[in-house]
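To keep things clear, I will list the structure first and then write my remarks on it.
The values are calculated or read from the model by the stated rules, or taken from the named source; none is laboratory data. Computed from a predicted model, the values in this text were never measured in an experiment. When we count neighbours, we look across all protein chains shown, and the Cβ atoms used for this are built from the backbone with ideal geometry, even at glycine.
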């Protein structure tokens, strides 16, 4: 390690060096408010005689180059400061008319003029790939396209040009010669080939960034690319990581690269991790390294790139190629099914691998949508983020199931009470109650739009300006409405104002407010343009408690039977498990009557085990329990999952059905014997 304390401009004036920002570094991200501070620091030093400014640390290591090229210095830390300095110098050059001074700044600080052909070496600071085109064009005075003009590189260049545009050439020269010239830095040159402990990756991770804290995506990118030669880094970045960033380049933080990595971890590990935030990126990064320890980095980054496209489909940035699947994914986002994103990512991957076809995929997504939407109506969310990722353990069951929707609903209905699938009685009782408030339900407007679609085969556009949820009985009663409602007007108003039966979706550009019911009916009939605003309303002569209840029953039945339908198996059943959840359902070969029987592995009829006890099997002369034996079989087949945990009951078959199916049937029989004892919540 070599340390030095030069000035920033001394570092940049070396014509025998080109600094490279490696692809594992994040893009240039300094905001204009930080550039404002930088500019004021230059002014402060320039106009205070003898003043100095410490500008931070620059860490790099050298890579060998061919004869005739400048030395190649790979930046480990300091890229944001160096890039900002260069942008200031470019702006200064472009605000000066004196050709000699322009050429001096160009040759002294911006370019290596002894390089003729290779632009990457000619420009003294080679940017990250996604910033390179904009930065190169700015330095070379070449045209920029619209994409380049949206970059932080161009934005801050324009900021400095604005600051310098009204200054004289003498003032600009003064800012450079008396201001920026006195910006001190500490340079540290690592020598990893000479000193094994000087590992760029570990040093980079220990550094505190002057800008934004490193995100999970930044840390993972660095982990996968650092430690390789710049040529290997560039190759992996261009082929894979750049695709990840391009696929997830939308402005929705819920589908950022960091969010994707966390959901990919959940998919791979069949477990839940904390949501990626600025406060836990380092913790998630440690989890990532532990999870993928020993993995081939190139294979891992390739798999991430492949899955990032599927995550872009989930985000709505890309199409799945099937409009119905795209629509169902969009619907899942509207009911806030984020806990299922890693599971859905896995479903899309199975579809890509042809293990699920489009019909299968749509059936599974429909089941998840019904489950989540019913829970949202009851305002249930507890446990979803933690437990939904665990369902990836059941992919084998879904692949082999004949009825994918029914199987998915069965999986969802066999969880703890907090994760229950609401049955028809639950939905009916809740929405019929006086305590329900459909008006303030976040997905209420969306559910109304689905009802309208079911009635007319045309779904309203939710963000349409004139589309609104309307109170039939108004929020503020006037004398006409009080007379309409009768003596109990205050009680009726308190109990049913936000009730589903008193609400409708309309398309109207004026507030209907507390117009009389007869006037509202005429608008619903002729101007609202919505069938939902007519059914069970325009045929009524008056509006009160009876009419609200009647219409509520009609809408609730549409929801439960047409919009969010479940089979008879779930309609009135308690769709949850009373068992404490461990690694799976309680297995008793004794209760199943399988002791002395032989069970077969689900995808290999040559793998058989004899049941010799309540929880014991004999396989190849050795006694096993079901889960460890399942792990052993999967390991032999080179497909052991990362956790090594298996439920087992979904992978062993007796007489054509999995042990899980046998257990479910036994539970159904037991429930049937005790029907009179069941309490519906």
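So here's what we get for this one:
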| quantity | calculated |
| --- | --- |
| Any hit, region 74-95, residues being within 29 Å of residue 163 (Cβ to Cβ), out of contact with any strand residue (DSSP E or B) (no Cβ under 9 Å at 6 or more places or on another chain) and not in a helix (DSSP H, G or I) | yes |
| Of the criteria (1) touching a helix residue (DSSP H, G or I) at 6+ places or on another chain (Cβ under 9 Å); (2) surrounded by 15 or more Cβ atoms within 10 Å (Cβ to Cβ); (3) in contact (Cβ under 8 Å) with a residue 60 or more places away in the chain, which one residue 75 fails | (3) |
| Matching entry among 285, 311 (being over 27 Å from residue 352 (Cα atoms), surrounded by 14 or more Cβ atoms within 10 Å (Cβ to Cβ) and modelled with pLDDT of 90 or more) | 285 |
| Residue within region 265-276 that is surrounded by fewer than 22 Cβ atoms within 10 Å (Cβ to Cβ), in the same structural domain as residue 336 (by TED's automatic domain parsing), over 19 Å from residue 292 (Cβ atoms) and without any contact (Cβ under 8 Å) to a residue 12 or more places away in the chain present | no |
| From 308, 319, residue being assigned to a loop (DSSP other than H, G, I, E, B) and farther than 22 Å from residue 394 by Cβ | 319 |
| Odd one out for residue 330 among (1) under 20 Å from residue 370 (Cβ atoms); (2) touching a helix residue (DSSP H, G or I) at 6+ places or on another chain (Cβ under 9 Å) | (2) |
| Check on residue 644, in contact with a strand residue (DSSP E or B) (Cβ under 7 Å, 6 or more places away or on another chain), surrounded by fewer than 16 Cβ atoms within 10 Å (Cβ to Cβ) and either at pLDDT below 85 or part of a loop (DSSP other than H, G, I, E, B) (or both) | no |
| Test for residue 69: is it surrounded by fewer than 21 Cβ atoms within 10 Å (Cβ to Cβ), in the same structural domain as residue 134 (by TED's automatic domain parsing), in contact with a helix residue (DSSP H, G or I) (Cβ under 9 Å, 6 or more places away or on another chain) and at pLDDT below 90 | yes |
| Criterion (closer than 25 Å to residue 57 by Cα, part of a helix (DSSP H, G or I) and out of contact with any strand residue (DSSP E or B) (no Cβ under 9 Å at 6 or more places or on another chain)) met by exactly one of 136, 163, 108 | 108 |
| Hits in region 471-512 - residues which are over 22 Å from residue 556 (Cβ atoms) and in contact with a strand residue (DSSP E or B) (Cβ under 9 Å, 6 or more places away or on another chain) | 507, 508, 511, 512 |
| Scope region 426-437; condition farther than 18 Å from residue 367 by Cα and part of a helix (DSSP H, G or I); matching residues | 428, 429, 430, 431, 432 |
| Enumeration of residues in region 438-470 that are assigned to a loop (DSSP other than H, G, I, E, B) and closer than 15 Å to residue 534 by Cβ | 458, 460 |
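Okay, residues lined up against (1) crowded, with 20+ Cβ neighbours inside 10 Å; (2) closer than 24 Å to residue 260 by Cα; (3) in contact with a strand residue (DSSP E or B) (Cβ under 8 Å, 6 or more places away or on another chain); (4) in contact (Cβ under 8 Å) with a residue 60 or more places away in the chain:
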| position | (1), (2), (3), (4) |
| --- | --- |
| 335 | yes, yes, no, yes |
| 341 | yes, yes, no, yes |
| 354 | no, yes, no, no |
| 368 | yes, yes, no, no |
| 382 | no, yes, no, no |
| 398 | yes, yes, no, no |
| 410 | yes, no, no, yes |
| 415 | yes, no, no, yes |
| 430 | no, no, no, no |
